[in-house]
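Take a look at the structure below.
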Amino acid sequence: MAATEKEILQVRELTKSFYGVAANDKVSFSLRNGEVHGLLGENGAGKSTLCSILAGLYRPDSGDVILNSERIRFRSPLDASNMGIGMVHQHFKLISSFTVAENMVLGLNAKSRNISLGTVEDEVRELARQYGLDVEPSAHVWQLSVGEQQRVEILRQLFRGARILILDEPTAVLAPQECDRLFEAVRHMVERDHSVILVSHKMDEILSNTDRVTVLVGGRNAGTLRTNETDAAELAKLMIGSDHLPKLANKSLRRFVESTPVLTIRDLEVIGDRGTEAVSGASLEVLSGQIVGVAGVAGNGQREFQQAIVGRRQISGGSIMLRGRDITQLSSRARSRSGLAYVPEDRLGTGLASGLTLEENLILKSYNEPPYSHRGVLSTAVITAAAEKLVKDFDIRGARSGMPVSLMSGGNLQKAILARELSRPHDLLLAASPTRGLDLAATASVRQHIRADTEKGGAVLLFSEDLGEIVELSDLILVLAGGRIVGSYTPATLDISELGLLMTGAKVHN
Amino acid sequence: MNDTVLVLSVVSAISAGTPILFAALGEITTERSGIMNLGIEGMMLVGAITGFWIGVETENAWLALLGGALGGILLSLIHAVLAISLRVNQIVSGLALVIVGSGLSAFWGNSGDRPTLVQTKTGVRFDPIFPEVIRDLPVVGPVIFGHDPVVYLSWVLVAAISYFLYRTQTGLSLRAVGEDPGAADASGLSVTRYRYVSTLVGGFGAGLGGAYLAIGVIGTWAAGLTAGAGWIAVALVILSGWRPWFALLAAYAFGALRSLGFTLQIAGIGVPSDFLAMIPFIATYLVVIVVSASPTRARKVAGPAALAKPYSREAR
């Protein structure tokens, strides 16, 4: 590749905090002319924040960005674009009812006001040919596939004269053969002296498509390496980070020889939103009293997996059994009645009705059963009494009568969901990222409730991107990657670096 | 030959359709930026009374027309502030504007110690611009050359707005703001500025239409003289698929319906006028149903994606 030693972009000690939490903590990093530089890290490692600063979306709290030996400050994405830095976001910023060419000229300077779309189409066609980014410029964006739309986004940046392209997890939305085409185009770009920052958490992708790689951990640069001098194992070790290794010390091994299976999933196949298979033949079993943790990087089928279990998404194959009963054909309400408790990932979207009060939310799944209602009329006294008891038992704070729950804090919202789900008779608790965004006290309390539930014989299936949480809580750890269960560990057999490798989609032979 | 029912119907359809056309052109511009202003009826009434009053005072038809347009703009400014800056629900604000406009115009038309405007005739009118020789040509004379200058102005506006929306970069930007304000904002366009200007253009169109209705078509003032013309304009915007040339055709079709009552009466066919008044809305229903039956078609003539959705940069 055309990479030279000349550094085109330097980042020095960049710090950016959100609400007192540093997303970038004195990150330094440099980009050479004509290189593909990978940014590797777990979710929340600060990759997106760093890129957003470089693209002019965020302003850093401190630190410098040096472009072509000149210190610069962007006030807007337009500034960055004018200086030759273009970012392709995960969520495309295209106007779907416009043609490709119309999207190209959108927001261009007034001096090109009398631009002719015919000329633009010709230019785009030429650019597309040069870079191997095949797109018809007169097509409307809504007619294009996701892969084509991504090519439009890249072409748009090239059309505006971007020398540095930031691709934020570009393959997250692509089918495998489209990924190959994308990296083909990336090679064309570096041949023409563009520099590319490739954000990814997929190890294989970084290893086969970059010149150098920088690993971010907890907002810091954990190391920049030449790709051809490193391997997956070294990168995984850097990525997980030694101080992030969960403590296994006070973990008591529990045995489940005599336990009965609560949830049995066989060969589950689920089609995702994009029509491709999101879960491909996954099987698992959760025993009574057991916590099974599913580790994995977001976007590997977790969402579809959960939705299939609770009945919010059709499955295309396999079976789901709850206490020996096939629930595959049941509605989500029927599943809930058969003993499935669910703590979803998004608290205010799926977990709670944001405009209703806490009392109303607490009976959201039992309002139509006695004693909460009789012949369609709600028994307010009973409801209030039940709510008061749950508020006390689960220590839910910040609710006032008549106040919508959307005004409560995340921790209290989560406790409210747990209170509602755990107070109903249930055999299985399905919890997805239950402590995401919560403070330490709330996190501890939520984990305590989950643990306590198993002591009464309940089974828990836990999905989380927080590896620490998975390790701390689980009796069995499964790894989900590419819609498959690719690994299984008990606390005794846990090999954290191998698990890290599996999570990032790398192959492990043993 | 120029006195046949058909020719006369076409001429009166054009005359009756022009005020609606002005209002619809304005509303197309407004809605293309993502702002829905249902207050056309109110803005037309205020345009009508302002135009009529200035006509009485100045005896200048063009000043009257301009005054009417200004009246419409002022009323639309209320909607702009509420809908764009304060992010009020646009349906509510638009409906309120109808009531405010009707009330204001009725009050103004009846008050004061001078003879009220209700009893007055302006005495101003627009004369045909082509000489009689041309106007007397068979068929094309009355249909093409027989109109007053305001009708030609409306044709120019149709062409101009169509060119602006589809052929200029500012027009493209305006449509971008209506389709996806977030993406437009990210491209460096000022969503607020585009939306304000196009909402005022909407007021301009409705005010112009109202004033022309009062002085050019009816010739007197009466409270509520628009008789639902503003609502027809709302329907017409949807019917036209937010496209100016289709709005022209639809406006004349609806104009024909408005004058059809008389024609049918003359022909001895008794159709209740209330029934005819419903037809524009039934036609709109039919078009919406036909269009939404096919996803491809729906995509082509769909309204702006961000229509009636307030935009705030921080709320994501």
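The values are calculated or read from the model by the stated rules, or taken from the named source; none is laboratory data. Note that the structure is a prediction, hence the values are computed from the model and not measured. Positions of Cβ are generated from backbone atoms using ideal geometry, with glycine treated the same way; all protein chains shown enter the neighbour counts. All accessible areas refer to the heavy atoms of the entire protein, side chains included, with ligands and DNA or RNA removed. Shrake-Rupley method; radii C 1.70, N 1.55, O 1.52, S 1.80 Å.
How about the range A:341-362: which of its residues are more than 23 Å from the chain's Cα centre (by Cα) and free of Cβ contacts under 8 Å to residues at least 40 places away in the same chain? Scanning the range A:341-362 gives a single hit, A:GLU360.
Test A:LYS389 against the criterion of being surrounded by fewer than 16 Cβ atoms within 10 Å (Cβ to Cβ), charged (D, E, K, R), more than 25 Å from the chain's Cα centre (by Cα) and outside the structural domain of A:GLY483 (by TED's automatic domain parsing), and give yes or no. It is true that A:LYS389 is surrounded by fewer than 16 Cβ atoms within 10 Å (Cβ to Cβ), charged (D, E, K, R), more than 25 Å from the chain's Cα centre (by Cα) and outside the structural domain of A:GLY483 (by TED's automatic domain parsing). Scoring B:ASP274 on the criteria (1) open to solvent by less than 70 Å² (accessible area, probe 1.4 Å); (2) without any contact (Cβ under 8 Å) to a residue 60 or more places away in the chain leaves a single failure, condition (1).
The criterion of being more than 14 Å from chain B (Cβ to nearest Cβ) and under 30 Å from the mean Cα position of the chain (by Cα) holds for A:ASP64. Count, please, the residues in the range B:126-164 that happen to be surrounded by fewer than 16 Cβ atoms within 10 Å (Cβ to Cβ), outside any helix (DSSP H, G or I) and of a type in the set (Asp, Glu). So the count comes out to 2. Quick one: would you say B:ARG299 is touching a helix residue (DSSP H, G or I) at 6+ places or on another chain (Cβ under 9 Å), at pLDDT 80 or above and either over 30 Å from B:ALA160 (Cα atoms) or charged (D, E, K, R) (or both)? For B:ARG299, the condition - touching a helix residue (DSSP H, G or I) at 6+ places or on another chain (Cβ under 9 Å), at pLDDT 80 or above and either over 30 Å from B:ALA160 (Cα atoms) or charged (D, E, K, R) (or both) - is not met.
Residues that are at pLDDT below 80 and surrounded by fewer than 16 Cβ atoms within 10 Å (Cβ to Cβ): does the range B:303-314 have at least one? Within the range B:303-314 (the criterion being at pLDDT below 80 and surrounded by fewer than 16 Cβ atoms within 10 Å (Cβ to Cβ)), the answer is yes, since at least one residue qualifies.
For the range A:148-179, the set of residues classified as hydrophobic (A, V, I, L, M, F, W, C) and not in a helix (DSSP H, G or I) consists of A:ALA162, A:ILE164, A:LEU165, A:ILE166, A:LEU167, A:LEU174, A:ALA175, listed by residue number. So in the range A:302-322, with the set limited to residues that are touching a Ser or Thr at 6+ places or on another chain (Cβ under 8 Å) and outside any strand (DSSP E or B), which one is nearest to A:ALA278 (Cα to Cα)? Taking the candidates together, the pick is A:ILE315.
If the condition is being within 14 Å of another protein chain (Cβ to nearest Cβ) and either touching a Phe, Trp or Tyr at 6+ places or on another chain (Cβ under 7 Å) or among the basic types (Lys, Arg) (or both), then the range A:67-107 contributes A:ARG75, A:ALA80, A:LYS93, A:SER96, A:SER97, A:MET104. Residues that are exposed (fewer than 15 other Cβ atoms within 10 Å of the Cβ), assigned by TED's automatic domain parsing to the domain that holds A:HIS201, hydrophobic (A, V, I, L, M, F, W, C) and more than 26 Å from the chain's Cα centre (by Cα) do not occur anywhere in the range A:162-182. Residues that are part of a helix (DSSP H, G or I), more than 14 Å from chain B (Cβ to nearest Cβ) and under 15 Å from A:ILE95 (Cβ atoms) within the range A:131-147 are absent altogether. The residues of the range A:183-208 that are open to solvent by 20 Å² or more (accessible area, probe 1.4 Å), within 26 Å of A:MET83 (Cα to Cα) and part of a helix (DSSP H, G or I), listed by number, are A:GLU184, A:ARG187, A:HIS188, A:GLU191.
Checked against (1) of a type in the set (Gly, Ala, Ser); (2) within 12 Å of chain A (Cβ to nearest Cβ); (3) open to solvent by less than 40 Å² (accessible area, probe 1.4 Å), B:SER190 passes all but condition (3).
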